[in-house]
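Structure, as structure tokens:
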Amino acid sequence: MTRPIRSLLIANRGEIAVRIIRTARAMGLRTIAVYSEADADALHVQMADEAYPVGAAPARDSYLRIDTLIETAVRAGADAIHPGYGFLSENEAFADACAKAGIVFVGPPASAIRAMGSKSAAKALMDKAGVPLVPGYHGEDQDPDLLAREAERIGYPVLIKASAGGGGKGMKVVRAANEFADALASAQREARNAFGDDRVLVEKYLTQPRHIEVQVFADTHGNCVYLHERDCSIQRRHQKVVEEAPAPGMTPERRARMGRAAVEAARAVGYVGAGTVEFIAEGDGFFFMEMNTRLQVEHPVTEAITGQDLVEWQIRVARGETLPLAQDDIPLVGHAFEVRLYAEDPERDFLPQVGRLDHLVLPAGLPGVRIDSGVGAGDQVSIHYDPMIAKIITSGADRAEAAGRMVAALAATEVVGLPTNRAFLQAIFATPAFAAADFDTGFIERHRAELLPGPAAPGPRDLALAALHVLLDEARASAAGADPADPHSPWGLAAGWRMNRSAFVDLTFAGAGERHVVRAHYVPGGFRLDLPGGTVAAEGTLDPDGGLTARLAGVRLKARVLRSGHKLVIFAAGTECTLDHVDPRFASAAAAGGAGRLVSPMPGTITRVAVAAGDAVKKGDPLVVVEAMKMEHTVAAPRDGTVKSVRYAVGDLVEDGAELLVLEETE
């Protein structure tokens with residue numbers, strides 16, 4: 001039986017909301033967005049035919065309010081609700097509420113979500129079906145002592161995982177018994193904050209596994225297919241960084257075995273719609289991990305190799321139609337990659353960053369490149385949501401071509417205002433092991449020295465471009481301020497005229513912990529720059545958007561130099577360099593703060609205070625836990641000492657760099 005869907009409410013935000021709106025509009029549907037106070041001007045709000053406010057910025061007060069979302073859908077006259085991914089996409093109560101309201105839920109039935117929503121219950125189901133499982137404890141008893149004993153039985157290292165979750169939330173690797181209690185408490189807090197459920201399971205942690213997932217799709221007519229696999233092994237903190245399809249080294253025979261296992265898993269719970277069955281593979285074996293009862297973040301790589309629009313498939317299945325293709329008709333053409341461009345600082349353990357995107361250029365329009373993003377220049381990356389800026393997807397005839405297009409796409413990406421993982425992603429694709437597909441889930445840790453080499457000293461080209469930008473910008477400002485009534489006045493010239501002085505100026509830049517002085521001599525038509533590596537002739541033109549056309553020692557090149565506060569961000573030839581422009585007129589002392597003052601590594605919420613004033617602590621003891629974007633960071637004691645004072649309590653909001661407590665060193 002078909003069900004008419006003429007209007008669709010998207011119960012999500014960001015790039016997935018934008019993605020759904022585009023497909024729904026192409027299918028002729030009326031699109032209805034919802035938004036929190038923080039998203040009033042967001043891209044998905046601007047794109048939708050209608051948009052309704054649903055609450056305050058925290059997700060629990062807006063995007064996670066089932067009652068508000070249902071009321072809004074009824075008020076807007078929506079025939080269906082698409083939950084996207086994250087938030088309520090795998091919430092059985094939401095699916096039930098839609099059904100009770102007579103609204104089509106674009107997703108699986110609540111019974112399937114219920115069966116697969118608990119990792120423990122799902123693994124028990126797979127065990128009965130004969131699907132191989134990683135050794136572990138998947139029981140309902142959550143007594144901490146029992147869990148610790150089970151960890152001992154399984155054997156360290158073990159992995160604690162939130163039973164109700166995914167995306168790396170509530171997931172901790174424990175390598176020794178004395179780490180278990182703290183890791184369990186942290187995993188439970190993250191799980192409770194992210195999913196409202198703090199139950200966990202404990203499994204053996206495999207040391208060199210590949211993470212391979214299979215895209216499945218089922219309709220209400222008994223058809224179920226798999227749309228090949230994705231390799232998601234490149235991860236940090238159990239969150240995917242790079243995804244590709246198909247998985248390197250996958251034989252047709254193994255693909256068929258894993259695909260059939262995934263289809264049987266879906267059939268076992270009466271599945272309908274899009275789902276992903278995740279496997280961990282090591283050697284010749286593969287083991288069921290979990291099933292995500294929703295569309296995945298990385299679904300675009302599957303779309304790239306099959307030529308299908310999976311959101312369109314979802315809507316058609318929700319209407320009651322049959323699957324568009326049978327198993328043998330699903331193409332597998334070429335190769336595709338996806339990376340997630342995040343506002344985060346890889347040099348600080350990938351801490352999420354919040355703030356304003358002062359400048360954003362994404363590489364749309366390049367051959368074989370697709371961009372999924374929900375933000376633009378001037379938008380805020382909020383503490384309340386995931387810090388993903390965009391997904392960059394590339395495809396090609398084979399793995400090498402798709403990888404080459406990703407290299408070009410990342411080189412053309414520009415972000416100013418917040419630290420990002422762009423250079424880190426570039427380093428992954430430049431690693432010979434990655435090019436050879438020699439990787440597993442430990443790839444990033446194993447190649448950390450290559451991927452995170454630390455701040456590099458600016459080269460002569462970077463210093464020359466920075467100096468040229470400053471000089472041309474000052475010349476433009478000087479010309480703009482000239483007296484039009486006396487255009488020949490030397491005071492209005494921008495060519496370096498100085499009374500009783502040589503025609504040069506010293507410019508000071510700081511980068512990678514060092515200061516560099518560039519002496520710029522004004523010469524006809526340009527400048528002569530004294531750089532650390534020698535002297536070069538320089539000239540150029542500067543556009544209002546920071547575009548710089550330069551000629552250095554006769555070599556012409558194009559760059560972009562943008563100012564963000566006192567910093568200059570230089571994009572040239574696919575590289576990025578950030579320098580402080582040190583103006584001696586405004587130089588100030590370094591920020592105050594004694595060695596005993598411990599500060600927050602990021603803006604967030606205090607979720608745990610483990611000490612009080614007067615407590616004696618040992619080096620490495622946890623002191624305060626800060627949570628942002630559903631991820632926790634523990635501030636530990638850097639040395640033995642006594643807590644002199646604690647500045648914040650559980651529930652308090654703190655800024656990046658806020659002083660959390662003062663620790664007196666033990667004499």
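The values are calculated or read from the model by the stated rules, or taken from the named source; none is laboratory data. Just so we're clear, the structure is a prediction, and the values are computed from it rather than from any experiment. Here the Cβ positions follow ideal geometry from the backbone for every residue, glycine too, while neighbour counts run over all protein chains shown. Accessible surface is based on the protein model in full, side chains and every heavy atom, while ligands, DNA and RNA are left aside. Shrake-Rupley method; radii C 1.70, N 1.55, O 1.52, S 1.80 Å.
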query: How far is it, in nm, from the label point at residue 644 to the one at residue 128 when both lie 7 Å from their Cα along the line to the Cβ?
result: 6.2
query: What's the extension gain from residue 60 to residue 456 if we count 0.36 nm per residue and subtract their Cα-Cα distance?
result: 138.4 nm
query: Based on the Cβ-Cβ distance from residue 445 to residue 407, what FRET efficiency comes out when R0 is 30 Å, to the nearest 0.05?
result: 0.85
task: Sticking with the crude label model, points 7 Å out along Cα→Cβ, report the distance from residue 348 to residue 573 in nm, one decimal please.
output: 3.1
- request: Could you quote the convex hull projected area for region 285-425, Cα atoms only and averaged over all directions, in nm²?
  value: 11.3
- prompt: What list of whole percents do you get for P(r) of region 1-76, with Cα-Cα distances grouped in 10 Å bins up to the one holding the largest distance?
  reply: 21, 53, 22, 3, 0
message: Using 0.36 nm times the number of residues separating residue 400 and residue 322, minus their current alpha carbon distance, what extension gain do you get?
response: 24.5 nm
query: Taking the Cα-to-Cβ direction at residue 140 and at residue 177 and moving 7 Å from each Cα, how far apart do the two end points lie in nm?
result: 3.0
statement: Quick calc, residue 74 & residue 545: beta-carbon distance into FRET formula, R0 51 Å, rounding 0.05, result 0.65
- line: Taking a probe of 1.4 Å and leaving out DNA, RNA and ligands, region 225-291 shows per residue an accessible area in Å² of 29
- request: With N denoting the number of residues in region 222-304, provide Rg(C-alpha) divided by 2.2 N^0.38 Å, to two decimal places.
  value: 1.06
statement: The longest stretch of the chain containing none of the trypsin sites (Lys or Arg not before Pro) that sit in a DSSP loop with at most 16 other Cβ atoms within 10 Å is 238-497
- request: Can you give me the three principal axis dimensions of region 165-204 from its C-alpha atoms, in Å, biggest first?
  value: 27, 17, 13
- prompt: Given 0.36 nm per residue, what is the gain on full extension from residue 659 to residue 67 after removing their alpha carbon distance, in nm?
  reply: 209.2 nm
Accessible surface, region 51-164, averaged per residue in Å² (probe 1.4 Å): 40
field: Relative contact order [Cα under 8 Å, 6+ residues apart], the chain, whole percent
entry: 9
- prompt: Can you work out D for region 321-373 in µm² s⁻¹ from Stokes-Einstein, where Rh is the Kirkwood radius over C-alpha pairs, the temperature is 25 °C and the viscosity is 0.890 mPa s?
  reply: 158
- prompt: What are the residues whose amide H is under 5 Å from the amide H of residue 236, where those residues sit 5 or more places off or on another chain and H is modelled from the backbone?
  reply: 241
message: Counting C-alpha atoms alone, how compact is the chain: give Rg to one decimal and Dmax as a whole number, in angstrom.
response: 27.6, 91
- prompt: At a 1.4 Å probe radius, carbon and sulfur cover how many percent of the accessible area of the chain?
  reply: 51
statement: Checked against the positive end of the charge dipole of the chain (+1 on Cβ of Lys and Arg, -1 on Cβ of Asp and Glu, about the Cα centre), the farthest of 134, 196, 10 is 10
